[in-house]
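Chemist: Here it is: the structure, laid out below.
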Amino acid sequence: MSDRLSGNEAVAYAMKQINPDVMGAFPITPSTEIPEYFAAYVANGEVNTEYVAVESEHSSMSVCIAAQAAGARAVCATSSCGLALMYELLYVAASCRLPITLACVNRALSGPININHDYSDSMGARDSGWIQIYAENNQEAYDNFIMAMPIGETPAVRLPVMTCMDGFITSHAVENIELLETETVRTFVGTYDPENYLLKKENPLAVGPYDISAYYMEHKVQEAEAMKAAKARILEVAAEFEKISGRSYGLFEEYQMDDAELALVLMGSTAGTAKAAVDKLREQGVKAGLVKIRVFRPFPCEELAQVLAGPKAVAVMDKSEGFSANGGPLFAETRSALYDLKDRPYVINIVYGLGGRDAKVEDIEKVFKRLADIVATGETGPVYTHMGQRSKEDMV
Amino acid sequence: MKRVYNLKQEVEKPPRLTGGHRLCAGCGAGVVVAGVLRALNKEDRAVVTNATGCLEVSTFMYPYTAYMDSFIHSAFENSAATCSGVEAAYNALKRRGKVEGTVKFITFGGDGGTYDIGFQSLSGAMERGHDMVYVCYDNEAYMNTGIQRSSSTPRFARTTTSPVGAKNQGKKQEKKDLTDIMVAHNIPYVAQTAPLGNFKDLHTKAYKAIYTEGPCFMNVLSPCPRGWDYPMAKLAEIIKLAVDTCVWPLFEVEEGVWHLSYMPKRKLPVEDFLRPQGRFRHMFEQGNEWMIEAAQAYVDQRWERLLERSGA
């Protein structure tokens, strides 16, 4: 069925269709509407979820951890500083192997305080042990949320999943969207039946031990193995999802990459803008292409290297600043992925769009122009630059 | 709810906190936890929650747990929210026919996890009205990290972050009155107690807290031989002195009605409680008499107010 929904409403609607056991709810712009929509579903009796309106995001994640450990399916939504406040507990959730689902509506982290989009919030949580899946648009935000539980709850994985969408750009823009029937969603997502849980009568369970050095490392290695196993499961779930939706998903999306000489690697809604730029350049005979990263954790290292073996020059566009003084987080991962290639493309990093700074088709064209110059001259120039700020250091 | 208390009968119940945990000899925490859990009806299950602290690291060191019931620890500052999450899951799963029987939800935090870093989480969980019991085992400082001051540390007490020196002599501020603050949450049951004598007061209050519907709070004095600096065999004696000097009065507030649980036959001077503890040693040095006077005046004022409130 078709409908016109904002990204937030699409995700809230997916939650309603799933009818989770517990929701930890706390508002923060721009994710606020998700718990608001869901509160209305609860008030109208459309779901029978235990809706826990807590006093902070820290408690929201604490409630989710406890509920999931108790044997329930728990969800929450947050943004920016809310995710940062959860930071300690994100690690706890992952290490306890609790497949909580969190809708992250990406927004710049303070400070200075800013309510608009970039990825500094979820990128700060990239090493917390959560699977991270990013959406380009409302449809993907909806679809990713429905795929999250079958991915995270699989015994070989048992990791929490963060489905991310761009604050305001995706969360608040209303788009046409294809919704699945609720029965189809429920069958697809299935029930949550963990082997052990706190409320299991037959077998009490203890969760969250003091783990001394004699055991800690083994547990972390198990967690790392689970993240590796997640990659295959993500693809399996995507294949099953295609059967019910007709929509196909991978670890990333390739756009005009077959013969691309100049390529971008980026995430989220900028991909829409970048596709328009690629189309324009293709009309002019420029062999431009795009890789839109969908799954950032686990990072699709080998798969990405294969695709990027073709182009002569690659620009990785980071919409968050990692302050490594050496480029953003997507760049660090991508360049590392390219290291094992025999013939590596030129690769540069452009940090852009911080705090909601707009990136237009012309901006993306400028990036391709720079890649073309690099190929023509054989000179990369500065590898790590920023784009779109009002200063003479704007290198693009 | 009238029940006849029989210590012998109670201790014959299978323990819910087993021996072999790693708490220090002479520590109040294990006595408090065992005493509270003993109040559970035998047939009822419980899920126990801990804030990070001495208790947690001593009772659940992988791969051993001292708890016979299900248990969860997540972090230092969120044990109330954690307990509320388990309760939320119970309500949801019960509604959906996925869990049977009565399960009770009890969380334990030290004063660090309760008065300070976990205060917001506690206040939130109590306000939301979860059917749970929060038990603070109050040992009046951050003991797990090596005896640092908390907002529960009494005035003048020596800790590693309120040391005794030429300029400053122990903590400068009075102890935060958390029990009062919890009463102000208008929850159905708030109690202040201690593992005193035959544990009747602790047991009775724990039973009420566990079997009163809604959020209940217990503040339980839990001496620490390392932090308070007393010989470990003197645990019971120190508790008795805290109660008989009215430094730690025993009372309960049921649906807003204050009730004094214990009236000392003879109210002892505060210095009787202070003297056996190394953390107050400097108060007995020459020139520091004013400290003992100030401590006495503070206890007297608090005690008078409690008598007034409870109509005793």
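The values are calculated or read from the model by the stated rules, or taken from the named source; none is laboratory data. Everything numeric in this text was worked out from a predicted model, so none of it was measured. No Cβ is skipped: glycine too gets one built from the backbone with ideal geometry, and neighbour counts run over all protein chains shown. These accessible areas exclude ligands, DNA and RNA; they are computed on the full protein's heavy atoms, side chains included. Shrake-Rupley method; radii C 1.70, N 1.55, O 1.52, S 1.80 Å.
Chemist: Suppose R0 equals 22 Å; then what is the FRET efficiency for B:E174 and B:A312 from their Cβ-Cβ distance, rounded to the nearest 0.05? All intermediate terms of the calculation are to be shown ahead of the outcome.
Modeler: Values: r = 23 Å, r/R0 = 1.04.
The value I calculate is 0.45.
Chemist: For chain A, give the share of DSSP beta bridges that are antiparallel, in percent and rounded to the nearest 5; count only bridges with both residues there. List each step's numbers first, then the result.
Modeler: Values: 11 of 52 bridges.
Rounded to the nearest five, the antiparallel share is 20 percent.
Chemist: Here's a follow-up. Taking 0.36 nm per intervening residue step and subtracting the Cα-Cα distance, what contour gain separates B:I181 from B:T18 on full extension? Intermediate values should be presented prior to the final figure.
Modeler: Details: separation 163, 0.36 × 163 = 58.68 nm, distance 3.28 nm.
Taking B:I181 through B:T18 to full extension adds about 55.4 nm, to one decimal.
Chemist: If you don't mind, there's one more thing I want to ask. How large is the accessible surface per residue of the protein assembly as shown, computed with a 1.4 Å probe and reported in Å² as a whole number?
Modeler: Values: 27950 Å² over 708 residues.
Accessible area per residue, the protein assembly as shown: 39 Å².
Chemist: How big is chain B by Rg and Dmax over its Cα atoms, in Å?
Modeler: According to the Cα coordinates of chain B, Rg and Dmax are 19.0, 69 Å.
Chemist: So, in Å, what gap is there between the alpha-carbon centers of region A:15-67 and region B:194-239?
Modeler: 37
Chemist: Right, another one. For the protein assembly as shown, with the dipole built from +1 on Lys and Arg beta-carbon atoms and -1 on Asp and Glu ones, taken about the Cα centre, which of A:C96, A:A315, B:N168 lies farthest toward the positive end?
Modeler: Farthest along the dipole direction, towards plus: B:N168.
Chemist: List the equivalent ellipsoid semi-axes of chain A in whole Å, largest first, each obtained as the square root of 5λ for an eigenvalue λ of the Cα gyration tensor. Could the numbers behind the result be given before it?
Modeler: Numbers: eigenvalues 254, 103, 80 Å².
They are 36, 23, 20 Å, listed largest first.
Chemist: Please count, across region A:252-387, the pairs of lysine residues with Cα atoms under 16 Å apart that sit 8 or more places apart or on different chains.
Modeler: So the count of such lysine pairs works out to 16.
Chemist: Residue by residue through region A:215-228, which ³J(HN,Hα) values in whole Hz follow from phi under the Karplus form 6.51 cos²θ - 1.76 cosθ + 1.60 (θ = phi - 60°), with glycine and proline marked x?
Modeler: With coefficients 6.51, -1.76 and 1.60, one gets 10, 3, 5, 4, 5, 5, 5, 4, 5, 5, 5, 4, 5, 5 Hz.
Chemist: Here is a further query. Counting other Cβ atoms within 10 Å of each Cβ, which GluC sites (Glu not before Pro) in region A:168-244 have at most 12 and sit in a DSSP loop? Walk me through the numbers before you get to the answer.
Modeler: On the way: sites: A:E175, A:E178, A:E181, A:E183, A:E195, A:E202, A:E218, A:E223, A:E225, A:E236, A:E240, A:E242; in loops: A:E181, A:E195, A:E202.
Filter output for region A:168-244: A:E181, A:E195, A:E202.
Chemist: Tell me the label-point distance for the pair B:N198, B:N6, using the 7 Å Cα-to-Cβ offset, in nm and rounded to one decimal.
Modeler: 1.1
Chemist: Can I ask one more? Given region A:2-245, what count of lysine pairs have C-alpha atoms under 24 Å apart, with each pair 8 or more places apart or on different chains?
Modeler: Number of lysine pairs found: 4.
Chemist: Pop out the ³J(HN,Hα) list for region A:106-116 in order, Karplus 6.51 cos²θ - 1.76 cosθ + 1.60 with θ = phi - 60°, rounded to Hz; leave Gly and Pro as x.
Modeler: In residue order, the calculated couplings are 4, 8, 4, 7, 6, x, x, 4, 7, 9, 9 Hz.
Chemist: Of B:R281, B:R158, A:R282, which has the most accessible area and how do the rest follow, probe 1.4 Å? All intermediate terms of the calculation are to be shown ahead of the outcome.
Modeler: Numbers: B:R281 135, B:R158 85, A:R282 55 Å².
Correct descending sequence by accessible area is B:R281, B:R158, A:R282.
Chemist: In whole Hz, with x marking every Gly and Pro, tabulate ³J(HN,Hα) for region A:159-173 from phi via Karplus 6.51 cos²θ - 1.76 cosθ + 1.60, θ = phi - 60°.
Modeler: Using θ = phi - 60°, the values come out as 10, x, 10, 10, 9, 10, 9, 6, x, 6, 4, 9, 5, 10, 6 Hz.
Chemist: In addition: What FRET efficiency do you get for A:A309 and B:E100 if R0 is 60 Å and r is their Cβ-Cβ distance, rounded to the nearest 0.05? Could you put the intermediate results ahead of the total?
Modeler: Numbers: r = 58 Å, r/R0 = 0.96.
That gives a FRET efficiency of 0.55.
Chemist: Out of all DSSP beta bridges in the protein assembly as shown, what portion is antiparallel? Express it as a percent rounded to 5.
Modeler: Numbers: 25 of 95 bridges.
In the protein assembly as shown, approximately 25 percent of DSSP beta bridges are antiparallel ones.
Chemist: Go ahead and run the numbers for FRET between A:A214 and A:T184, Cβ-Cβ distance against an R0 of 51 Å, rounding to 0.05. Provide the component values of the computation, followed by the final result.
Modeler: On the way: r = 48 Å, r/R0 = 0.93.
Once the sixth-power term is evaluated, E becomes 0.60.
Chemist: Per the 1.4 Å probe, what fraction of the accessible area of the protein assembly as shown, in percent, lies on carbon and sulfur atoms? Before the final figure, lay out the partial values.
Modeler: Details: 14470 of 27950 Å².
Within the protein assembly as shown, the accessible surface is 52 percent carbon and sulfur.
Chemist: Modelled label-to-label distance, A:A173 and A:E88, 7 Å Cα→beta-carbon offset: nm?
Modeler: Label at A:A173, label at A:E88, 3.8 nm between them.
Chemist: Still on this structure: Which value in deg cm²/dmol, rounded to the nearest 500, describes the helix-derived mean residue ellipticity at 222 nm for chain B, given -39,500 (n - 2.57) per DSSP H run of n ≥ 4 and division by the residue count?
Modeler: Numbers: 10 runs with 105 residues, N = 312.
Per the formula, -10000 deg cm²/dmol.
Chemist: Give the accessible area for A:I18 in Å² (nearest 10); use a 1.4 Å probe, count only protein heavy atoms, and leave out ligands, DNA and RNA.
Modeler: Answer for A:I18: close to 10 Å² accessible.
Chemist: Projecting each Cα onto the charge dipole of region A:1-140 (Lys/Arg +1, Asp/Glu -1 at the beta carbon, about the Cα centre), which of A:V22, A:W130, A:G7 comes out farthest on the positive side?
Modeler: Farthest towards the positive pole: A:W130.
Chemist: When averaged across all projection directions, what area in nm² does the alpha-carbon convex hull of the protein assembly as shown cover? Show your work: numbers first, answer last.
Modeler: Values: hull surface 140.1 nm².
Computed as one quarter of the Cα hull surface, the answer is 35.0 nm².
Chemist: Only residues of region A:193-222 count here: report those whose backbone N is under 16 Å from the spot 7 Å along Cα→Cβ of A:A156, or say none.
Modeler: In region A:193-222, the label zone of A:A156 (backbone N under 16 Å from the point 7 Å along Cα→Cβ) covers A:222.
Chemist: Moving on. In terms of modelled amide H atoms, which long-range or inter-chain residues lie less than 5 Å from the amide H of A:V265?
Modeler: Result for A:V265 returns A:V291, A:A315, A:V316, A:M317.
Chemist: Can you tell me the Rg and the Dmax, both Å, for the Cα atoms in region B:180-312?
Modeler: Taking only Cα atoms of region B:180-312, I get Rg and Dmax of 15.8, 52 Å.
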